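Here is the structure we will look at, set down as structure tokens.
The values are calculated or read from the model by the stated rules, or taken from the named source; none is laboratory data. Everything quoted here is computed from the prediction, not taken from an experiment. Here Cβ is always computed from backbone atoms with ideal geometry, including for glycine, and neighbour counts include all displayed protein chains. For the accessible areas, the whole protein counts, side chains as well, though only heavy atoms, and no ligand, DNA or RNA atoms are used. Shrake-Rupley method; radii C 1.70, N 1.55, O 1.52, S 1.80 Å.
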Amino acid sequence: MTRLAQTEGLTDIQREILSTVRDFVDKEILPVATELEHRDEYPAQIVEGLKELGVFGLMIPEEYGGLGESLLTYALTVEEIARGWMSVSGIINTHFIVAYMLKQHGTQEQKDYFLPKMAAGEIRGAFSMSEPALGSDVSAISSKGVRDGDDYVLNGQKMWLTNGGSSTLVAVLCRTDEGHPEGTAPHKSMTTFLVEKEAGFGEVRPGLTIPGKIDKMGYKGVDTTELIMDGLRIPADRVLGGQTGRGFYHMMDGVEVGRVNVAARGCGVAQRAFELGVSYAQQRHTFGKPIAQHQAIQFKLAEMATKVEAAHAMMVNAARKKDSGQRNDLEAGMAKYLASEYCKEVVEDAFRIHGGYGFSKEYEIERLYREAPMLLIGEGTAEIQKMIIGRRLLEEYRIQA
Ligand SMILES: Cc1cc2nc3c(=O)[nH]c(=O)nc-3n(C[C@H](O)[C@H](O)[C@H](O)COP(=O)(O)OP(=O)(O)OC[C@H]3O[C@@H](n4cnc5c(N)ncnc54)[C@H](O)[C@@H]3O)c2cc1C
């Protein structure tokens, strides 16, 4: 079962972490995932287990109590977890993005205060850019923060917060025109606010309401919510990095590593779909032989495995590029685009291999079939990835006029 998606050149520590996580996935996640997903139940016990393994602090530097691991280790961990249940990888993904943004851009006081608690999983992060009227076009956000004494007063409505209810720290992107002259480009007048709150629903802090869970077709278990700010007061020292006007860059930096992460999720879900397909194909007989012996099914398996390998290789390449300190937006965009498209295709082929049984909730592939589409949307749609890839290619291949 482990022939595919191998990664050359890992350290002993990376191998050990991955083998521990894989073991955890096989024993603690896979046996319960589908049942919990059908009940849309938050996997509290699994989350406790991941806390104990140190997964919430995987990339947080050791000086703040984390494991100080690379993006590659993180992405490979996410791949393993998504193989078990994609929703669990969603629970750690937004946490990871917020911790990464703090590590890269936070003031020393913000890092000292938040990162140790985040490494222990005591504070859990969510991030919020999208609004009811926009997702792709982040520069059009209308939520606003206005300075009032030592505070900012935030107003506006946000949409689609993964972990909006269960998190206790939300990185919220708002427009702040203060200090920025009329006519400043929209992306230069945005600010990231670090908003602490109670976990749960309803009024979770004065001026801040999380109305309830959005009912989704898949990606269940993990809560996805709206967030309403109505005169929410945030102290000025909770502006990420202590400087207004930098929020768009903070978020884009976070989303760039998030894209590697979504690619890794696509790889994990596709691997699981392949495992289910290749196993079922050897058990189901038609016309006197296992369906795996029909060439049409073998071709499907060949295509699926090739896609699993290709997506894994691109995801690893994108993570390694970032780890080496280089800009990786092109590679991350390509990896996210390819892995999410391939994931959807591999899942669909595994579904077809299952015949009518794939349509039954008793079979795991039914869950994967509802989960894969989320990856086509989250951290930027396919069209947005192609815009990023296209722009970067034209920079790289500019001809002399
Ligand atoms: C389950 C789930 C969880 C999410 N979690 C979060 C979260 O934690 N935090 C957060 O901030 N957001 C989150 N999102 C929001 C997500 O990032 C957006 O849904 C996504 O960016 C797309 O935005 P949209 O839905 O507004 O679609 P739109 O931007 O309205 O796009 C609609 C369609 O038009 C296409 N399109 C848009 N612009 C162009 C263009 N210029 N050229 C060509 N085609 C274009 C898009 O590709 C898409 O096909 C989540 C979404 C979902 C479904």
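Yes/no matrix, rows are residues, columns are (1) in a loop (DSSP other than H, G, I, E, B); (2) surrounded by 22 or more Cβ atoms within 10 Å (Cβ to Cβ):
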position	(1), (2)
Arg272	no, yes
Ser279	no, no
Leu301	no, no
Met304	no, yes
Glu309	no, no
Lys321	no, no
Gly325	yes, no
Leu330	no, no
Gly333	no, yes
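Mind checking whether some residue in segment 214-237 is basic (Lys, Arg), within 15 Å of the ligand (Cβ to nearest atom), open to solvent by 40 Å² or more (accessible area, probe 1.4 Å) and out of contact with any helix residue (DSSP H, G or I) (no Cβ under 8 Å at 6 or more places or on another chain)? No, there is no match, as no residue in segment 214-237 is basic (Lys, Arg), within 15 Å of the ligand (Cβ to nearest atom), open to solvent by 40 Å² or more (accessible area, probe 1.4 Å) and out of contact with any helix residue (DSSP H, G or I) (no Cβ under 8 Å at 6 or more places or on another chain).
Taking the numbered list (1) free of Cβ contacts under 8 Å to residues at least 60 places away in the same chain; (2) hydroxyl-bearing (Ser, Thr, Tyr); (3) closer than 13 Å to Gly84 by Cβ in turn, Thr20 passes all entries but (3). Restricting the first member to segment 131-149 and to residues that are touching a residue at least 12 places away in the same chain (Cβ under 8 Å) and of a type in the set (Asp, Glu), and the second to residues that are crowded, with 16+ Cβ neighbours inside 10 Å and part of a loop (DSSP other than H, G, I, E, B), the beta-carbon pairs closer than 7 Å and six or more apart or on different chains are Glu131/Ile141; Glu131/Ser143. Could you please let me know if Gly288 is assigned by TED's automatic domain parsing to the domain that holds Glu379, surrounded by fewer than 24 Cβ atoms within 10 Å (Cβ to Cβ) and at pLDDT below 95? No. Of the residues examined, Asp177 is not one that is away from the ligand (no atom under 16 Å from the Cβ), modelled with pLDDT of 95 or more, open to solvent by 40 Å² or more (accessible area, probe 1.4 Å) and not assigned by TED's automatic domain parsing to the domain that holds Met59.
Within segment 372-393, residues that are farther than 18 Å from Leu134 by Cβ and touching a residue at least 12 places away in the same chain (Cβ under 8 Å) have Cβ atoms under 7 Å from residues that are aliphatic (A, V, I, L, M) and more than 11 Å from the ligand (Cβ to nearest atom) in these pairs: Ala372/Val269; Ala372/Val347; Ile389/Leu330; Ile389/Met334; Arg392/Leu330, counting only partners at least 6 apart in sequence or on another chain.
Of the residues making up segment 28-45, just one is crowded, with 19+ Cβ neighbours inside 10 Å and small (Gly, Ala, Ser), namely Ala33. Return the total of residues in segment 71-90 being away from the ligand (no atom under 16 Å from the Cβ) and either of a type in the set (Gly, Ala, Ser) or within 16 Å of Asp223 (Cα to Cα) (or both). The qualifying residues number 2. Could you please let me know if Val138 is hydrophobic (A, V, I, L, M, F, W, C), under 24 Å from Asn93 (Cβ atoms) and within 15 Å of the ligand (Cβ to nearest atom)? Yes, satisfied. Is it true that some residue in segment 149-156 is within 9 Å of the ligand (Cβ to nearest atom) and assigned to a strand (DSSP E or B)? No, segment 149-156 contains no residue that is within 9 Å of the ligand (Cβ to nearest atom) and assigned to a strand (DSSP E or B). Does segment 98-113 contain any residue that is within 13 Å of the ligand (Cβ to nearest atom), modelled with pLDDT of 95 or more and open to solvent by 10 Å² or more (accessible area, probe 1.4 Å)? No, segment 98-113 contains no residue that is within 13 Å of the ligand (Cβ to nearest atom), modelled with pLDDT of 95 or more and open to solvent by 10 Å² or more (accessible area, probe 1.4 Å).
Considering only segment 73-90, I want to know if a residue exists there that is open to solvent by 20 Å² or more (accessible area, probe 1.4 Å) and either more than 24 Å from Leu10 (Cα to Cα) or part of a helix (DSSP H, G or I) (or both).
Within segment 73-90, one or more residues are open to solvent by 20 Å² or more (accessible area, probe 1.4 Å) and either more than 24 Å from Leu10 (Cα to Cα) or part of a helix (DSSP H, G or I) (or both).
For segment 191-199, the condition of being more than 15 Å from the ligand (Cβ to nearest atom), at pLDDT 95 or above and surrounded by fewer than 16 Cβ atoms within 10 Å (Cβ to Cβ) holds for at least one residue. Inside segment 348-373, can you point out the residues that are over 12 Å from Ala270 (Cα atoms), in contact with a helix residue (DSSP H, G or I) (Cβ under 6 Å, 6 or more places away or on another chain) and not in a loop (DSSP other than H, G, I, E, B)? Those that are over 12 Å from Ala270 (Cα atoms), in contact with a helix residue (DSSP H, G or I) (Cβ under 6 Å, 6 or more places away or on another chain) and not in a loop (DSSP other than H, G, I, E, B): Ile353, Gly358, Glu364, Arg367.
The residues on offer are Ile234, Ile210, Ile214, and the sole one that is in contact (Cβ under 8 Å) with a residue 24 or more places away in the chain and within 15 Å of Phe127 (Cα to Cα) is Ile210.
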